[in-house]
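Please treat every number below as a calculation from the coordinates, not as lab data. Keep in mind it's a predicted model, so treat the numbers as computed, not measured. A quick note on method: Cβ atoms are made from the backbone with ideal geometry, for glycine too, and the neighbour counts reach across all protein chains shown.
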Amino acid sequence: MGAREEEFGPSALGTKEHWDAAYERELKNFKENGAPGEIWFGEESMTRLIRWIEKQKIPLDSSVLDIGTGNGVLLVELAKSGYTNLTGVDYSLPAVQLSKSIMEKEGLPHIKLQVEDILNPSDALSDFQVCIDKGTFDAISLNPDNAAQKRKQYVNSLHRVLKPGGFFIITSCNWTKEELLKEFKEAGFHLLEELPTPTFCFGGRTGNSVTALVFQQKL
Ligand SMILES: C[S@@+](CC[C@H](N)C(=O)[O-])C[C@H]1O[C@@H](n2cnc3c(N)ncnc32)[C@H](O)[C@@H]1O
């Protein structure tokens, strides 16, 4: 176990029970007052990656997969930016129920949402041009049951679901750029770009609490 793993050791955030309970609460809130719930890493985390996708002139009908979509709000924003071939998966049923309710309210029935454990994806989940992860690899890394093995499984799944030459955009608060590079570069993904994230200053030291990287899977 590395120093960072000790720092961000196993936690409830790494369990499905945690996410099921969290999204059950969020679903209830949504039904009662229409609030979509937490947007992990804030609005700017969505703007940052959508701008990057737009800058690449990736065709609007390219297939995009949001891994661990939660409430699916990122997919709503992508749809509002014109993207038409969007899929979100999450292993938590209440998360998928919440995201489906939000899509219904937003009038976006063409967004596909399914319950899938990304560590064991179905064959239907393949050939995506873009895969996005905002906080899901972080959650998996906090699994109390052999997180190192689960991270390996995640990378294998990513190979299966992403097209050769496809893009993988990850936003993380548990791992530094170097740590993410080690994990993904060794597995055949090369770093295309680091997206700028807010910096913080603490105890006279400046750093980034969030890392956002774009990788491309080798052809
Ligand atoms: C920190 S939340 C981020 C949610 C969303 N991406 C966002 O940015 O708001 C992590 C999400 O990953 C999902 N998740 C964790 N492990 C997963 C797995 N093995 N397969 C699919 N989803 C998973 C959780 O249910 C949760 O929705």
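Would you mind counting up the charge near Ala22? Only other residues with Cβ under 13 Å from its Cβ, with Lys and Arg at +1 and Asp and Glu at -1.
Details: positive: Lys16, Arg25, Lys28; negative: Glu17, Asp20, Glu24, Glu26, Glu38, Asp90.
Summing Lys/Arg as +1 and Asp/Glu as -1 gives -3.
Give me the base-10 log of I(q)/I(0) for the chain at each q in 0.08 Å⁻¹, Debye formula, one uniform scatterer per Cα, rounded to two decimals.
Cα-only, vacuum Debye calculation for the chain: -0.26.
Reachable lysines from Lys150, Cα under 21 Å, same-chain residues fewer than 8 places away excluded?
Lys16, Lys134, Lys177, Lys182, Lys185
For the residue pair Arg160 and Glu54, what label-to-label distance in nm results when each label sits 7 Å from Cα along the Cα-to-beta-carbon direction?
My value for the distance between the label points is 3.5 nm.
Name the residues whose placed amide hydrogens come within less than 5 Å of the amide hydrogen of Thr69, ignoring near sequence neighbours (fewer than 5 apart) on the same chain.
Excluding prolines and chain starts, which carry no amide H, the hits are Val89, Asp90.
Add -39500 (n - 2.57) for each DSSP H run of 4 or more in the chain, then divide by its residues: what number comes out at 222 nm, to the nearest 500 deg cm²/dmol? Write down the numbers at each step before the final one.
On the way: 8 runs with 89 residues, N = 219.
My calculation for the chain gives -12500 deg cm²/dmol from helical runs alone.
For the chain, what proportion of DSSP beta bridges, expressed in % and rounded to the nearest 5, is antiparallel? Don't skip to the answer; put the middle values down first.
Values: 16 of 34 bridges.
Of all bridge pairs located within the chain, approximately 45 percent are antiparallel.
If a paramagnetic tag sat 7 Å from the Cα of His190 along the Cα-Cβ line, which residues of the range 148-176 would have the backbone N under 12 Å from that point?
Residues 165 qualify, since their backbone N sits under 12 Å from the label point.
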